[in-house]
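Accompanying notes for the structure given below.
The values are calculated or read from the model by the stated rules, or taken from the named source; none is laboratory data. This is a predicted model, so every value here is computed, not measured. Heads up, the Cβs are rebuilt from the backbone with ideal geometry, glycines too, and the neighbour counts pull from every protein chain shown.
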Amino acid sequence: MRGLIAPAIAAVLTAGCAASGADRPFVPGGGEGGPAAGSATASGAAPRTETLAVGSGLKVIVEWPGGITPEHTEMLETFRDAYAGMFRGVVTRGRDEQYMTLMELEAGKTSFEWVKKYLDKKRSVRGTARLFGLKVSSEQDRAAQVDVCVDETQVRYVDARTGDDLPAEPGADGESVYLQSAGVRRGDDGNWRIKLFRYAELTNERAKGCRR
(Lines give C-alpha, C1' and ligand atoms only; values in the text may rest on other atoms or scores of the structure.)
Protein backbone atom coordinates (compact mmCIF):
# COMPACT_ATOMS: atom_id res chain seq x y z
CA MET A 1 0.00 0.00 0.00
CA ARG A 2 1.37 3.32 -1.01
CA GLY A 3 1.47 6.76 0.49
CA LEU A 4 1.75 6.13 4.24
CA ILE A 5 3.97 8.53 6.16
CA ALA A 6 5.04 6.81 9.36
CA PRO A 7 7.93 7.07 11.82
CA ALA A 8 10.64 4.43 11.92
CA ILE A 9 9.82 1.62 14.32
CA ALA A 10 12.04 -0.84 16.12
CA ALA A 11 12.51 -4.39 14.86
CA VAL A 12 10.52 -7.23 16.41
CA LEU A 13 13.42 -9.63 16.12
CA THR A 14 16.86 -9.14 17.57
CA ALA A 15 18.20 -10.34 14.20
CA GLY A 16 16.76 -10.35 10.72
CA CYS A 17 14.34 -7.43 10.79
CA ALA A 18 16.95 -4.70 10.54
CA ALA A 19 17.53 -3.91 6.87
CA SER A 20 20.47 -2.41 5.09
CA GLY A 21 20.00 0.52 2.76
CA ALA A 22 17.02 2.82 2.64
CA ASP A 23 14.34 0.68 4.23
CA ARG A 24 11.31 2.67 5.24
CA PRO A 25 8.39 1.75 7.44
CA PHE A 26 5.04 0.53 6.21
CA VAL A 27 3.23 1.08 2.99
CA PRO A 28 1.26 -2.55 2.44
CA GLY A 29 4.95 -4.72 0.13
CA GLY A 30 11.66 -11.91 -2.53
CA GLY A 31 14.55 -9.88 -2.01
CA GLU A 32 17.68 -10.85 -0.20
CA GLY A 33 16.60 -10.70 3.41
CA GLY A 34 18.57 -13.81 4.29
CA PRO A 35 17.73 -17.45 3.76
CA ALA A 36 14.17 -18.51 4.48
CA ALA A 37 14.11 -20.39 7.74
CA GLY A 38 12.90 -23.94 7.14
CA SER A 39 11.37 -22.88 3.82
CA ALA A 40 10.97 -25.70 1.33
CA THR A 41 9.98 -29.17 2.48
CA ALA A 42 8.98 -32.20 0.46
CA SER A 43 5.69 -32.42 2.38
CA GLY A 44 4.79 -28.76 1.94
CA ALA A 45 1.83 -27.55 -0.09
CA ALA A 46 2.04 -27.23 -3.86
CA PRO A 47 2.24 -23.80 -5.52
CA ARG A 48 -1.16 -22.20 -6.05
CA THR A 49 -2.82 -18.92 -6.90
CA GLU A 50 -5.51 -17.44 -4.66
CA THR A 51 -7.83 -14.55 -5.49
CA LEU A 52 -9.42 -12.47 -2.72
CA ALA A 53 -12.36 -10.22 -3.57
CA VAL A 54 -11.89 -7.18 -1.34
CA GLY A 55 -14.89 -5.26 -2.64
CA SER A 56 -15.80 -2.24 -4.79
CA GLY A 57 -13.83 -3.49 -7.78
CA LEU A 58 -10.66 -4.37 -5.86
CA LYS A 59 -9.11 -7.82 -5.64
CA VAL A 60 -5.86 -9.23 -4.27
CA ILE A 61 -4.12 -12.11 -6.05
CA VAL A 62 -1.74 -14.19 -3.94
CA GLU A 63 0.87 -16.37 -5.63
CA TRP A 64 1.59 -19.00 -3.00
CA PRO A 65 4.93 -20.81 -3.30
CA GLY A 66 5.25 -24.52 -2.88
CA GLY A 67 6.97 -26.33 -0.05
CA ILE A 68 6.05 -24.08 2.88
CA THR A 69 5.27 -25.59 6.25
CA PRO A 70 1.86 -25.22 7.93
CA GLU A 71 3.32 -22.87 10.56
CA HIS A 72 4.90 -20.64 7.93
CA THR A 73 1.60 -20.67 6.05
CA GLU A 74 -0.11 -19.32 9.17
CA MET A 75 2.41 -16.48 9.43
CA LEU A 76 2.01 -15.56 5.77
CA GLU A 77 -1.78 -15.81 5.97
CA THR A 78 -1.66 -13.24 8.75
CA PHE A 79 0.14 -10.85 6.41
CA ARG A 80 -2.27 -11.64 3.56
CA ASP A 81 -5.32 -11.02 5.75
CA ALA A 82 -3.89 -7.78 7.14
CA TYR A 83 -2.99 -6.47 3.68
CA ALA A 84 -6.41 -7.25 2.20
CA GLY A 85 -8.12 -6.14 5.41
CA MET A 86 -6.62 -2.67 5.32
CA PHE A 87 -7.82 -2.19 1.77
CA ARG A 88 -11.21 -3.52 2.86
CA GLY A 89 -11.23 -0.83 5.55
CA VAL A 90 -10.75 1.73 2.78
CA VAL A 91 -13.41 0.48 0.36
CA THR A 92 -15.99 0.10 3.17
CA ARG A 93 -15.33 3.67 4.29
CA GLY A 94 -14.00 2.50 7.64
CA ARG A 95 -16.88 0.22 8.54
CA ASP A 96 -14.73 -2.91 8.38
CA GLU A 97 -12.00 -2.80 11.02
CA GLN A 98 -11.29 -6.53 11.16
CA TYR A 99 -7.69 -5.85 10.15
CA MET A 100 -7.07 -4.27 13.55
CA THR A 101 -7.46 -7.68 15.22
CA LEU A 102 -4.32 -8.77 13.35
CA MET A 103 -2.15 -5.92 14.62
CA GLU A 104 -0.12 -5.04 17.69
CA LEU A 105 1.54 -1.84 18.87
CA GLU A 106 2.81 0.45 16.10
CA ALA A 107 1.44 -1.75 13.33
CA GLY A 108 -2.07 -1.13 14.63
CA LYS A 109 -1.55 2.59 14.98
CA THR A 110 0.02 3.12 11.57
CA SER A 111 -2.51 0.84 9.84
CA PHE A 112 -5.44 2.73 11.33
CA GLU A 113 -3.89 6.05 10.32
CA TRP A 114 -3.31 4.77 6.78
CA VAL A 115 -6.98 3.86 6.37
CA LYS A 116 -8.14 7.09 8.02
CA LYS A 117 -6.11 9.14 5.57
CA TYR A 118 -8.11 7.67 2.70
CA LEU A 119 -11.37 8.32 4.52
CA ASP A 120 -10.48 11.93 5.34
CA LYS A 121 -9.64 12.62 1.69
CA LYS A 122 -12.71 10.73 0.45
CA ARG A 123 -10.53 8.45 -1.65
CA SER A 124 -10.87 4.77 -2.39
CA VAL A 125 -9.14 2.24 -4.64
CA ARG A 126 -9.98 -0.32 -7.31
CA GLY A 127 -8.09 -2.71 -9.54
CA THR A 128 -5.81 -5.62 -8.75
CA ALA A 129 -2.99 -5.97 -6.24
CA ARG A 130 -0.67 -8.96 -6.39
CA LEU A 131 1.38 -10.62 -3.63
CA PHE A 132 4.24 -12.92 -4.66
CA GLY A 133 7.60 -14.16 -3.44
CA LEU A 134 6.12 -14.94 -0.01
CA LYS A 135 8.57 -16.36 2.51
CA VAL A 136 9.52 -16.51 6.18
CA SER A 137 13.04 -15.11 6.29
CA SER A 138 13.82 -15.25 10.01
CA GLU A 139 12.49 -16.92 13.16
CA GLN A 140 13.27 -16.60 16.84
CA ASP A 141 11.16 -18.12 19.60
CA ARG A 142 7.58 -16.86 19.05
CA ALA A 143 8.55 -14.13 16.58
CA ALA A 144 9.38 -14.14 12.89
CA GLN A 145 9.89 -11.91 9.88
CA VAL A 146 7.89 -12.48 6.71
CA ASP A 147 8.87 -10.96 3.36
CA VAL A 148 6.37 -10.43 0.56
CA CYS A 149 6.72 -8.81 -2.86
CA VAL A 150 3.84 -6.46 -3.62
CA ASP A 151 2.76 -5.35 -7.09
CA GLU A 152 0.23 -2.49 -7.10
CA THR A 153 0.74 -1.34 -10.69
CA GLN A 154 -2.91 -2.16 -11.42
CA VAL A 155 -4.33 -0.43 -8.33
CA ARG A 156 -6.01 2.91 -9.03
CA TYR A 157 -7.12 5.76 -6.80
CA VAL A 158 -10.78 6.71 -7.17
CA ASP A 159 -13.15 9.27 -5.71
CA ALA A 160 -15.09 7.41 -3.01
CA ARG A 161 -18.23 9.47 -3.77
CA THR A 162 -18.31 9.28 -7.58
CA GLY A 163 -16.04 6.37 -8.47
CA ASP A 164 -14.08 8.59 -10.88
CA ASP A 165 -10.39 7.89 -11.34
CA LEU A 166 -8.02 10.21 -9.49
CA PRO A 167 -4.29 10.87 -9.79
CA ALA A 168 -1.97 9.52 -7.13
CA GLU A 169 -2.24 11.66 -4.04
CA PRO A 170 0.42 14.34 -3.49
CA GLY A 171 3.37 12.94 -1.59
CA ALA A 172 2.49 9.33 -2.38
CA ASP A 173 5.43 7.09 -3.08
CA GLY A 174 5.88 6.41 -6.78
CA GLU A 175 6.99 2.79 -6.42
CA SER A 176 4.18 0.37 -7.26
CA VAL A 177 6.31 -2.77 -6.86
CA TYR A 178 8.21 -3.20 -3.62
CA LEU A 179 9.25 -5.58 -0.86
CA GLN A 180 7.04 -5.54 2.22
CA SER A 181 8.42 -7.05 5.43
CA ALA A 182 6.43 -7.66 8.58
CA GLY A 183 7.49 -8.66 12.06
CA VAL A 184 4.95 -11.14 13.42
CA ARG A 185 4.54 -12.58 16.89
CA ARG A 186 2.50 -15.47 18.24
CA GLY A 187 0.33 -14.37 21.16
CA ASP A 188 -0.63 -16.33 24.24
CA ASP A 189 -3.85 -17.27 22.43
CA GLY A 190 -1.82 -19.00 19.72
CA ASN A 191 -2.65 -16.48 17.00
CA TRP A 192 -0.07 -14.63 14.92
CA ARG A 193 -0.25 -10.84 14.82
CA ILE A 194 1.78 -8.16 13.09
CA LYS A 195 3.94 -5.97 15.27
CA LEU A 196 5.59 -3.80 12.62
CA PHE A 197 5.85 -3.21 8.89
CA ARG A 198 8.79 -2.12 6.77
CA TYR A 199 9.26 -1.85 3.05
CA ALA A 200 12.00 -1.47 0.48
CA GLU A 201 11.80 -0.17 -3.09
CA LEU A 202 13.21 -2.08 -6.05
CA THR A 203 16.34 0.06 -5.94
CA ASN A 204 17.16 -1.49 -2.57
CA GLU A 205 19.32 -4.61 -2.68
CA ARG A 206 16.90 -6.46 -0.42
CA ALA A 207 14.06 -5.98 -2.90
CA LYS A 208 15.80 -7.14 -6.05
CA GLY A 209 14.02 -10.51 -5.86
CA CYS A 210 10.76 -8.63 -6.54
CA ARG A 211 11.93 -7.59 -10.02
CA ARG A 212 10.29 -9.54 -12.83
Inter-residue pairs, beta-carbon under 9 Å, first in a helix (DSSP H, G or I) and in region 93-111, second surrounded by fewer than 16 Cβ atoms within 10 Å (Cβ to Cβ) and at pLDDT 95 or above, 6+ apart: T101/N191; L102/N191
Given (1) surrounded by 16 or more Cβ atoms within 10 Å (Cβ to Cβ); (2) more than 14 Å from the chain's Cα centre (by Cα); (3) closer than 17 Å to L52 by Cβ, index of the condition G127 fails: (1)
Residue check, L119 under 17 Å from I194 (Cα atoms) and aliphatic (A, V, I, L, M): no
